[in-house]
Each structure stands twice: as structure tokens, then as C-alpha cells.
Amino acid sequence: MNKHAIRPIRSGIRRSIRATLNTGLLASLVFMSSLRVTQAGSATWNLDPGSHYWNDPNNWTPATVPSGPNDTATFAASNQAVIALTEGGFEVNGISFPSGASAFAIHAYPHSWLNVSGTGITNNSGIVQNFVAFGAGAGFIAFLNGASAGELTVFTARANTLANSIGGLISFGDSSTAGNGTFYIEGGAVRGGYVPGKILFSGTSTAGNATFMTQGGKRPYKSAGYIQFRESSSAGHGTFITHGSAPSDFNSRASTGFGDTSSGGDAIFVSLGGALLGAFGGNTSFSSSSTAGNATLIAEPGVSHGGSVEFGDSADGGTARVVLFGNGQLDISCHSSPGVTIGSIEKGGNVFLGSNNLTVGSNNLSTAFDGRIQDSDGFCGGSGGSLAKMGNGTLSLLSANIYTGGTTINEGALLVSNKTGSGTGSGAVANNGGTLGGIGTISGPVTIGTTGTTGILAPGKGATPDTLTLQNTLTFDSLANYNVDLNSSAATSDQVIARGVTIKDGASITIRDRDASTLTIGTIFTLISNTASTGIAGTFANLPDTSTVTVGSNTFQANYKGGDGNDLTLTVQ
């Protein structure tokens with residue numbers, strides 16, 4: 001499907017999501033205001049209840065229905081372990097499963113609502129306890145105040161089973177937490193209707209250490225489950241696995257989305273690729289003023305389309321680690337100008353910049369990226385995208401990239417090791433205070449040491465001398481340093497190849513020998529191979545033309561007209 005055709009569909013999805021959230025919140029308020037339980041108090045579910053209905057006082061000891069902000073519902077051993085909440089709303093401070101409890105399943109059926117507003121769920125049974133919010137008329141399970149979903153708990157937000165209805169909703173508000181629970185959000189089962197199974201975080205709630213698995217639509221034109229973070233909520237240390245769509249249906253991909261000022265926290269997000277031909281991948285997105293925090297964002301490959309990570313509006317990438325596999329993608333083309341900062345990027349996949357800048361390195365990790373960074377083909381299109389390097393780590397670009405807006409190195413190191421094309425796209429490269437190196441090829445003009453602290457050019461990618469190839473001009477500005485390694489035992493040295501070289505006043509060179517062998521007099525090393533017809537303009541401040549320098553066990557003489565007449569060479573004296 002053409003991305004331009006997808007764009008209005010995506011807008012429709014967002015409207016549907018907003019409508020669903022508003023409908024769900026309104027329904028919750030209606031149920032809250034309609035709580036009419038004639039008897040209320042803490043109670044324990046009976047061993048042999050007369051029915052499976054929560055609201056029958058004869059099923060409890062004492063004979064009352066737990067439905068108040070100070071009440072605790074206790075479920076011990078019972079021969080009726082399926083509990084039904086039907087038409088109406090119920091509120092408890094907490095739900096307790098003591099040692100020896102049966103394995104229960106508490107069902108919030110359509111048009112029913114359970115509010116856990118205090119301690120939350122305490123499970124000391126040692127076995128899994130299940131909770132289900134049904135679709136069709138939308139069953140709701142809500143956690144408020146500081147309530148926790150507990151541990152060894154499994155929650156399912158069911159899909160709708162009727163057209164034009166909404167799915168089950170599990171919500172966290174105030175300072176509540178998903179605890180250590182496991183959550184399943186079902187994909188749509190019918191044509192039409194709002195997005196079915198869903199989980200909503202708001203206030204300052206958190207996903208805790210919980211695990212979330214969200215399904216896409218089960219067949220084409222079936223809506224997908226989703227998780228939405230709003231206000232100042234956080235994904236905590238949760239794990240989120242988001243599935244892809246049905247074949248050829250962009251709308252049926254599952255999603256985890258952040259809005260307002262919510263945060264990805266320290267969570268792990270896995271956006272799975274489409275499992276079938278033509279299927280789209282799952283999506284993790286950040287919009288408004290949300291932040292990815294210190295999350296790990298993983299986009300897995302798919303048969304036709306991989307999973308995706310997206311940043312839009314004024315969302316911030318924080319120190320997030322972005323890991324792309326196969327045709328997984330990172331898309332910042334819909335972000336507001338000038339762009340977004342992320343912690344790091346690694347593995348492969350596709351990065352779509354549009355007209356924005358992607359700044360990498362805020363988490364100071366050293367990573368290698370073997371995918372493709374480009375301007376176009378992102379959801380919002382655009383051209384002139386650029387890349388910037390910050391932080392103390394090293395970013396290694398292993399493949400050709402085709403973005404056009406240029407590359408800036410402010411901190412750390414950027415290494416290119418591409419075997420075809422240009423590692424830094426077609427734009428200019430400016431090193432303002434980091435290190436540029438590698439053994440690949442760069443097509444745009446390169447300037448070292450323009451502003452800030454010393455900018456370093458260091459060909460190679462380790463202790464072994466090697467060659468960096470520039471297909472355009474090379475300028476050493478006043479704050480530049482050319483860092484060259486020799487290996488006297490192998491008679492090799494680092495080298496940069498450039499088409500036209502300018503060395504401005506103040507630029508310097510540092511030469512080191514990785515060995516201590518004595519070389520044969522007359523041995524020549526080419527440090528700069530100038531492929532232009534003109535000579536090198538200027539000399540390094542600490543290495544004038546024809547001067548000598550001693551490095552390790554050898555003394556060399558510099559020659560800025562060496563090689564074929566316009567190279568910088570060192571000759572052993």
C-alpha cells in the first residue's frame with residue numbers, strides 16, 4: 001500500500017482511538033456514579049457458593065458484597081472459581097488470594113466494572129490468578145490511587161464480538177501500577193467498531209515490571225489491540241511485545257503509543273514484523289511531548305514489513321537504545337523540526353529522517369549500524385535529513401547511507417566502514433569536536449575542527465593502520481588534529497585519500513608508532529593521498545614542509561609535495 005494512501009487511514013485510526021478512550025472514560029464515570037450495593041463490606045468467597053455472581057451476598061462470608069473503598073475481597077479455596085461481575089460497578093480496596101487459594105478467573109462481563117482503588121491485588125497462593133475484561137459492551141477493570149495488579153496475575157482485555165462496539169478496557173490511573181502482572185490485549189474479531197482490547201495508563205501510573213502482549217487484527221479489516229500512555233504515566237520496567245497486522249491491512253497492526261508527557265521509562269519494547277506476506281509490523285510510537293526515557297526499542301523483521309518505532313510532534317528520544325533488525329524501521333519523518341535525539345542505534349533496518357535531524361549518542365554506548373539511513377519513504381516523506389553524533393561512545397556505520405542533509409560530529413567517534421556508496425550519505429561532514437575515522441568511503445566534503453573543541457581525523461578503526469577514502473575535499477580547520485598510526489614492523493601507516501586538501505593555521509598532526517622497529521632509510525609513508533590536480537594548501541603547525549620528526553625508533557622528513565607531487569609523505573632518514 002502506498003504510504004500516501006495510508007496517511008488518511010492513520011488519521012482515522014487516531015480519531016477512533018480518541019473516541020474509544022473518551023467513550024471508555026465516560027462509561028467508567030457512569031458506572032462509578034451508579035454503584036448501588038445495598039450491602040457492602042470485606043468478605044471471603046465461599047467454598048461452595050450458590051452461584052458464580054460477585055454481587056450475590058449469599059456467596060460470601062459474612063453475607064455481604066465487597067463493594068466499597070475500604071473493602072477487601074478474599075478468595076481462598078472454592079469449588080466455584082469463575083467469578084462473574086455483571087451489569088453494574090464494584091469497588092474494592094484490595095483483592096487477596098491467600099496460601100492454598102484455588103486458581104480463580106474473575107470476569108468483568110460487558111457493561112460491568114471493577115475498580116481496585118487501594119492496596120490492589122495480593123497473591124500469596126503461589127499460582128496464577130486470572131482477570132478478564134470482556135468486549136462487546138466493554139467490561140472495565142480499573143486500578144486507582146496506589147493499587148497494584150500484583151504478581152502471578154494474568155489479565156486479558158478481550159476483543160469486541162459485535163460490530164460497532166468497543167473492547168474490554170484495563171486502565172491504570174493516579175499512582176497505580178501494573179506490578180508484575182501479565183497482560184494480553186486481543187486483536188479485533190469483527191468488521192467495524194472501535195479498536196477492541198486496550199490498556200490505558202494515565203496520571204502518574206506505571207507499568208511496573210509487568211509483561212504486555214498486544215495482538216494485531218486477526219484478519220484483514222479487523223481492528224488491532226493497543227496500549228496508550230497519557231498524562232505523566234510511565235512504562236516503568238515493563239516488557240511490551242506488539243504484533244503485526246493481517247495481510248495488506250495497515251489498520252490492523254497493534255500499537256503501543258505515548259502521548260502528553262508520558263515516558264517509556266526503562267522498559268523494553270519489541271515491535272514484531274508482519275508474519276505473513278503483505279502484513280505490516282507492530283508499532284511503538286511517541287507523540288506530543290512524551291519521551292522514550294531510557295527504554296530499549298526493538299523493531300523486528302517481517303516477511304513484507306518489519307516492526308516500527310516512530311517519533312512525532314515534539315517527542316523526545318531521551319537515552320533510548322534503538323535496535324533494528326532486517327526491515328524493521330525507525331521513522332522520525334513526522335517529528336517537528338529540527339528533529340530528535342536518541343541514545344543509540346544498532347544492528348540493521350531502515351531509518352527514515354524526512355527533513356529532520358537525528359542526533360545519536362545520548363546514552364554514551366558504542367554501537368554498530370548496518371542498515372540504511374535515508375530521507376524519503378518515511379510516513380510523512382520529506383528530504384534533507386541529517387545525522388549528528390554526540391556522547392562519548394562510538395557509532396560505526398557499516399553500510400552505505402543515502403540521506404542528503406549532512407553529518408555533524410560533536411562528541412565521541414563516528415567510524416565509516418561501508419564497502420559501497422557513502423557511509424555518510426551525500427551531504428557535507430563537519431567534525432566539531434569528536435573523531436571521524438574508519439576504513440570506508442565518504443562522498444561529501446569533510447571539514448575537521450570547525451568549532452568547539454579539537455576535532456580529530458583518525459583513519460582506520462583500531463590499532464592496525466588503514467585507509468579512509470574521501471571522494472571530495474578535505475579541510476583541516478584551526479582546531480583540527482590529524483591522528484596517524486604507524487606500524488614500523490610492517491612498514492604501514494594510516495592514510496586518508498581526498499580530492500583537494502586544505503590545512504589552515506593552527507591545525508596539528510599526531511603521529512604514533514604501534515611498534516618499535518627500525519626502518520630502512522628511504523622508506524616512504526603516504527599520510528595524505530591528494531587525488532586533486534592542485535597541491536595541498538598549507539601545512540600542519542607542528543610539521544612544516546621539509547621538517548623532521550622522530551617517532552619511536554625512526555626519524556622522518558615531511559614532504560607536502562611527495563608521492564605524485566601533491567601528497568603528504570614521511571621519508572625515513
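The values are calculated or read from the model by the stated rules, or taken from the named source; none is laboratory data. It should be emphasised that the depicted structure is a prediction, and the values quoted were computed from it without experimental measurement. With ideal geometry, Cβ positions are generated from the backbone for all residues, glycine too; neighbour counts draw on all protein chains shown.
Every residue, every condition in (1) touching a residue at least 40 places away in the same chain (Cβ under 8 Å); (2) of a type in the set (S, T, N, Q); (3) within 19 Å of Asn401 (Cβ to Cβ), yes or no:
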residue: Val429; (1), (2), (3): no, no, yes
residue: Lys461; (1), (2), (3): yes, no, yes
residue: Pro465; (1), (2), (3): yes, no, no
residue: Val484; (1), (2), (3): yes, no, no
residue: Ser488; (1), (2), (3): yes, yes, no
residue: Ser493; (1), (2), (3): yes, yes, no
residue: Val496; (1), (2), (3): no, no, no
So which strands (runs of 3 or more DSSP E) stay within segment 234-308 end to end and still have 2 or more residues that are closer than 17 Å to Met213 by Cβ and in contact with an Asp or Glu (Cβ under 7 Å, 6 or more places away or on another chain)?
268-271
What are the residues in segment 470-491 that are buried (at least 20 other Cβ atoms within 10 Å of the Cβ), out of contact with any Leu (no Cβ under 7 Å at 6 or more places or on another chain) and hydroxyl-bearing (Ser, Thr, Tyr), if any?
Thr475
Within segment 302-311, track down each residue that is in contact (Cβ under 8 Å) with a residue 40 or more places away in the chain and either of a type outside the set (Asp, Glu) or surrounded by fewer than 23 Cβ atoms within 10 Å (Cβ to Cβ) (or both).
Gly302, His305, Gly306, Gly307, Val309
Checking Ala299 against (1) buried (at least 24 other Cβ atoms within 10 Å of the Cβ); (2) more than 13 Å from the chain's Cα centre (by Cα), only one condition comes out false. Which one?
(2)
Considering Gly434, Gly354, which residue is touching an Asp or Glu at 6+ places or on another chain (Cβ under 7 Å) and within 24 Å of Pro459 (Cα to Cα)?
Gly434
Tell me which strands (runs of 3 or more DSSP E) are completely within segment 495-573 and hold 2 or more residues being at pLDDT 95 or above and within 30 Å of Ser422 (Cβ to Cβ), or say none if there are none.
495-498, 501-503, 508-513, 524-530, 554-562, 567-572
Output for segment 97-116, where each listed residue is part of a strand (DSSP E or B) and buried (at least 21 other Cβ atoms within 10 Å of the Cβ):
Phe97, Ile106, His107, Ala108, Ser112, Trp113, Leu114, Asn115, Val116
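Quick one: in segment 77-92, which of the residues that are in a loop (DSSP other than H, G, I, E, B) and within 41 Å of the chain's Cα centre (by Cα) is farthest from Leu47 (Cα to Cα)? Show your work before the answer.
To start, the set of residues in segment 77-92 that are in a loop (DSSP other than H, G, I, E, B) comprises 77-81, 86-87.
Subset that is within 41 Å of the chain's Cα centre (by Cα): 81, 86-87.
Numbers: Ala81: 9, Thr86: 21, Glu87: 24 Å.
It comes out as Glu87.
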Consider Ser337 against the criteria (1) more than 13 Å from the chain's Cα centre (by Cα); (2) in contact (Cβ under 8 Å) with a residue 24 or more places away in the chain: it satisfies all of them except one. Which criterion is unmet?
(2)
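With the requirement that a residue be modelled with pLDDT under 50 and in a helix (DSSP H, G or I), what does segment 28-66 give you?
If we filter segment 28-66 for residues that are modelled with pLDDT under 50, which is where we start, we get 28-38.
Selection gives Ser28, Leu29, Val30, Phe31, Met32, Ser33.
Determine which member of the set Ala516, Ala532 is in contact with a Lys or Arg (Cβ under 8 Å, 6 or more places away or on another chain) and exposed (fewer than 15 other Cβ atoms within 10 Å of the Cβ). Spell out the reasoning first.
Details: Ala516 fails: in contact with a Lys or Arg (Cβ under 8 Å, 6 or more places away or on another chain).
Going through Ala516, Ala532 in turn, the sole match is Ala532.
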